[in-house]
Structures are given as structure tokens and as C-alpha cells.
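Take a look at the structure below.
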Amino acid sequence: MSKLLKTTCIIIVCISTTLTNAQKMYKPTWESLQQYECPEWFRDAKFGIYTHWGVYSVPECPSDWYGHNMYYKNHPNYKFHTETYGAVNKFGYKDLVPLFTAPKFNADEWADLFVESGARFAGPCGEHADGFAMWDSKVNPWNSVDMGPKRDIVAELGKAIRKRGLKYVVSLHHSWLWGWYPTWDENTDCADPANASLYGEKVPETAWRTKDTKGYYKVNPMPSAEFERVWLEKCKEVVDGYSPDLLWFDNRVQILSEKTRQEMMAYAYNHAEKNDQEFVLTFKRPDFPLGTGTVDLERNRMPKIYPEPWLTDNSISQKLWIWTTELECYPTNNLIDDLVDIVSKNGNLLLNLAPHPNGTIPEDQKQRLREIGKWLKLNGEAIYESRPWLIYGEGPTETKTGHLADMKFDGFGDEDIRFTTREGRLYAIALGWPESGVLPIKSLGSSNYNGKVKSIKLIGSESKIVFKQMENALEIQLPENKPCEHAFVFRVN
């Protein structure tokens with residue numbers, strides 16, 4: 001090859017590489033942000049964990065909105081606070097910060113438990129609505145390094161989780177901070193300008209939320225330019241300082257200007273591109289346009305297969321997000337059934353834990369996680385790296401839809417079945433064990449299933465599975481012994 005031809009080839013390769021890299025750069029426009037593609041690791045992972053743990057955990061009251069509710073006289077948190085700590089103009093939320101010392105927090109112990117649970121991604125709440133950052137923040141003086149635990153919680157967990165091969169998550173809820181505290185109320189410590197670095201600038205009561213003539217919540221006035229600047233700088237600190245693999249946003253981000261939202265997303269995506277990182281950003285609708293990130297539903301799920309990967313965030317408790325003496329965990333069976341249902345519809349489950357204020361994870365929550373991990377160790381081939389089948393499942397139980405709908409969902413029954421596929425294999429996952437000893441699967445009857453079932457393997461069982469494929473259903477004779485305590489996975493060939 002001549003020198004001229006070699007030089008020409010090199011130039012073409014360089015130009016091609018430059019163009020390819022340029023195509024991956026994001027501009028702060030919705031059109032450019034539509035380049036987002038959910039990475040394979042998220043499609044494969046299926047199960048993750050995050051935590052609601054911070055200053056709001058200290059009172060051990062049943063509300064992660066304690067910092068908001070404690071200032072409203074008609075709320076039980078107000079009564080508790082005034083009886084326990086005193087008047088809210090003398091002992092406000094800021095005065096709880098020194099009590100959040102987390103003396104028993106151990107990031108390695110948490111991470112070991114996450115691994116034992118079978119989770120593939122995990123991480124902390126970086127900043128909740130209360131405005132207290134759990135990282136070494138330069139823009140927010142109210143942070144866990146300068147106050148409270150005097151430790152960088154986000155950094156410690158990031159190191160421990162990544163050391164064990166899991167992807168790292170940080171959740172951000174801080175758009176709620178606008179009007180979160182009643183800075184308009186002179187009878188509270190929130191109105192004192194000296195406390196503005198935590199409680200925010202003085203705003204009218206309507207800045208929290210009011211209802212329009214149609215009953216919809218609205219914010220008035222919308223956030224100030226300074227609030228938006230600080231909100232964005234907090235996001236950038238987390239992105240630059242900790243490079244999470246998944247950055248999770250709570251809802252209400254739509255109160256920020258399009259410019260700020262677009263700048264945040266472009267900044268995060270370009271940071272990931274620069275570091276060759278397979279990055280996920282999740283959001284709740286309608287905070288960002290579809291296609292610019294991965295959709296998350298709170299205590300809610302898709303009613304059927306969704307074409308793009310999606311996320312559900314739910315708590316280990318049906319009613320609570322934070323630890324209190326009143327916290328009751330879901331039965332493990334419900335949690336596993338929910339995971340199976342979500343995965344069958346192309347989703348992932350992000351399960352919230354509620355650590356004790358001292359930094360430990362209570363035993364009842366540990367037990368649930370270990371039982372989930374035991375189930376996944378046996379049946380994970382039908383969950384990890386799986387993809388949806390032609391239909392998500394069958395059975396009489398209809399999951400509820402809408403924001404927080406899972407709080408009113410009682411679980412599945414013996415006739416409910418879900419399907420997944422992996423590497424050409426079909427899995428039928430029974431969410432119950434019929435007392436009759438026969439499991440009928442209508443979707444695999446010869447009139448519905450375009451194929452002949454040749455063999456069936458019940459994962460974890462050495463028994464030979466007897467079955468009959470009839471026109472209206474595939475009937476499986478269940479063996480005498482169950483292979484596990486929860487959802488039962490049949491590999492269909």
C-alpha cells in the first residue's frame with residue numbers, strides 16, 4: 001500500500017471516529033437527549049435496592065415527610081414533635097441534624113446484604129426532600145460530612161457496592177425542597193433568614209402546592225433562578241464526584257424550567273460518555289419526555305409488556321418508606337411475586353429498605369432479603385438476563401394501575417402465571433401451588449401455543465414432570481414436594 005493511500009485511510013478512520021464520538025455528545029435539547037439508550041446491564045439486572053435513611057429517620061415516626069409535616073398543627077407529626085422536642089420555633093427540623101449520628105452504619109455490611117439478596121444494583125438516597133445531602137457537598141452546607149454522621153455516606157456505599165461487582169445507584173428527591181418548609185410562617189424556625197441555607201428562601205404558602213379549578217396541584221410561584229442553580233449544582237456534584245451507574249429522580253422535577261432539566265440530563269449523559277460508562281437515568285412521568293431516559297413508576301407497575309425497559313420503585317413495607325416501630329414488612333412471597341410480575345412485563349424492581357436511625361438494617365428486613373436471595377439463587381435463570389415472552393402471563397388477578405396503586409394491591413393467587421424467556425428457553429412461573437395438584441397453563445394449550453411441548457423441568461426438583469398438552473391448556477402434574485417456598489419456575493422445551 002502506498003504512503004498516500006495509507007495516509008488517506010488514516011484520515012478517513014480519524015474522521016469517522018470523530019463523527020462517531022460527536023454523535024454521542026448530548027446537547028441540552030429534547031431532540032438531542034432522545035439519543036439515550038438504556039444499557040444492557042439494566043435490561044439484564046432486574047432487581048435493585050435503595051434506602052430511605054437520613055435525618056427524617058431520627059424521630060422514628062411513620063413519615064419520610066416528617067420535616068414537612070412537623071410544622072402543620074393538624075398533622076400527627078406536629079403533635080409528636082411538640083410533645084417530644086418542644087415548640088417548632090424553638091426546636092425545628094435543623095435541630096434534629098445533630099441527632100443523626102449513625103453510630104452503627106457499616107457500608108460493607110450493607111453491601112454484603114445486598115449481594116446476599118441477589119440485587120444487581122444498589123445505593124442510597126443522596127438527598128431527600130428535606131435538603132440534607134448525604135455526600136461531601138460544597139454547594140450545600142447541610143451535608144453528612146460537615147454535620148450529623150460526619151461521614152460521606154454516598155462515597156462509602158459507592159465504594160463498598162462497586163467492590164462487590166454491583167452497579168451503583170444514587171437517588172435525588174431535592175426538587176421537592178421548593179416550599180417544602182413553611183418559610184412564610186413566622187411561628188416556626190423556618191422563617192428565620194439565618195436558617196435559609198436549609199429551609200430555603202422565604203416564599204408564600206402557595207409555593208408548596210395549591211389546587212386549580214380542576215383540582216390539579218400547581219406550584220405558584222415557580223422556583224427562583226437561585227433555587228434552580230443550586231438544584232443543578234447538587235446534581236453535578238453527584239455526577240462528577242461519584243459517577244453513579246444509575247441516577248434516580250423523584251417526581252416534581254417538572255416544576256423546574258426546561259432549560260435546567262435539559263442541562264442536567266445533557267451534563268450527566270456527557271459525563272458518562274466521557275468516562276465510557278453505561279449510564280441509566282430514571283424519571284417519573286411527566287418530568288421528562290419519553291425517550292430521554294428510563295421511566296420509573298412509584299408503587300405502581302405497567303399493566304402489560306412495555307416496549308422499553310422500565311423501573312418500579314416500591315418499599316419493603318406496604319405503607320412506609322422509613323423505619324419506625326410501626327413498620328410491617330411485606331411477606332417475602334409478595335415481594336418475589338411482584339418481582340416476577342414486573343420482570344415479565346420488561347421491568348426492573350427497585351426495592352426500598354428502611355434502615356434504623358443508628359445505621360443498621362433491622363432483622364425482619366434482612367430476613368426478607370435473604371429469602372429473596374435464596375429464591376433467586378435457585379430460580380435466577382428465569383429472571384436475570386431474561387426478556388418478555390409474547391404475553392406477560394395469565395390468571396384472574398389484575399394488578400392495579402396508577403400512582404401508588406400497589407399500596408392497595410393484595411397480591412396474586414394460585415392461578416396466576418407469568419412468562420419470561422432467556423436464550424431461546426421459555427419459563428412459566430407459577431405464583432402459587434394449586435391444592436388440586438394440577439397446574440393448568442391455558443396459554444400453552446395447542447390452540448394457543450404454536451408448538452409442541454416436548455419436556456418440562458421444574459427448577460430445583462429432581463422429579464420427572466408429567467404433563468399433557470391439550471387443546472385448551474397444558475396440564476402439569478405437580479410433584480409431591482415443592483422445590484422452594486415461593487414462585488415455582490417451569491422450564492418449557
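See the values below:
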{"item": "Leading residue at positive end of dipole, the chain (Cβ point charges), from Trp41, Gly131, Phe288", "result": "Trp41"}
{"item": "Loop-located trypsin sites (Lys or Arg not before Pro) in the stretch 296-338, at most 16 other Cβ atoms within 10 Å (DSSP)", "result": "Lys304, Lys319"}
{"item": "Ranking of Ser175, Ser224 by count of other Cβ atoms within 10 Å, fewest first", "result": "Ser224, Ser175"}
{"item": "Among 191-197, 76-82, the order from most to least packed when residues are scored by Cβ within 10 Å on average", "result": "76-82, 191-197"}
{"item": "Residue among Tyr330, Val492, Ala102 farthest towards the positive dipole end of the chain, charges placed on Cβ", "result": "Val492"}
{"item": "Förster radius 30 Å - calculated FRET efficiency between Asp212 and Thr29 (Cβ-Cβ, nearest 0.05)", "result": "0.55"}
{"item": "Förster-model FRET efficiency, 51 Å R0, Leu99 and Arg422, C-beta, rounded to 0.05", "result": "0.60"}
{"item": "Ratio of Rg to Rh over the stretch 135-195 (Cα coordinates, Kirkwood Rh, two decimals)", "result": "1.13"}
{"item": "Selected from Tyr78, Gly451, Gly437, residue furthest toward positive end of dipole (the chain; charges at beta carbon)", "result": "Gly451"}
{"item": "Neighbour-count order for Val343, Val115, fewest beta carbons within 10 angstrom listed first", "result": "Val115, Val343"}
{"item": "Computed [θ] at 222 nm, helices only, for the chain once each DSSP H run of length n ≥ 4 contributes -39500 (n - 2.57)", "result": "-8500 deg cm²/dmol"}
{"item": "Relative contact order of the chain, pairs being alpha-carbon contacts under 8 Å that are 6 or more residues apart, as %", "result": "16 percent"}
{"item": "Gap separating the Cα centres of the stretch 415-483 and the stretch 73-114, nearest whole Å", "result": "50 Å"}
{"item": "Peptides ranked, highest mean first, by Cβ atoms within 10 Å: ranges 60-73, 430-443", "result": "60-73, 430-443"}
{"item": "Those chymotrypsin sites (Phe, Trp or Tyr not before Pro) in the stretch 215-262 that DSSP places in a loop and that have at most 12 other beta carbons within 10 Å", "result": "Tyr216"}
{"item": "Backbone HN-Hα couplings from phi across the stretch 48-56 [Karplus 6.51/-1.76/1.60, Hz, Gly and Pro as x]", "result": "x, 9, 9, 9, 9, 7, x, 4, 5"}
{"item": "Using a Förster distance of 22 Å, the FRET efficiency for Arg387-Lys442 (Cβ separation, nearest 0.05)", "result": "0.50"}
{"item": "Net charge, Ala430 excluded, C-beta distance under 11 Å - Lys, Arg +1, Asp, Glu -1", "result": "-3"}
{"item": "Hull shadow area, averaged, the stretch 216-310 [alpha-carbon convex hull, nm²]", "result": "7.3 nm²"}
{"item": "Difference of contour (0.36 nm per residue) and Cα-Cα distance, Thr84 to Glu278", "result": "65.1 nm"}
{"item": "Viscosity 1.306 mPa s, temperature 10 °C, Stokes-Einstein D of the stretch 311-387 from Kirkwood C-alpha radius, µm²/s", "result": "121 µm²/s"}
{"item": "Within the chain, percent of DSSP bridges classed antiparallel, to nearest 5", "result": "50 percent"}
{"item": "Per-residue Cβ neighbour rank within 10 angstrom, fewest leading, Asp338, Asp212", "result": "Asp212, Asp338"}
{"item": "Cα pair count fraction exceeding 45 Å, expressed as % - the chain", "result": "20 percent"}
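Only the coordinates and a few stated rules stand behind these numbers; no lab work does. Given the structure is predicted, the values throughout are model-derived calculations rather than measurements. Glycine also receives a Cβ, built like all others from the backbone with ideal geometry; neighbour counts cover every protein chain displayed.
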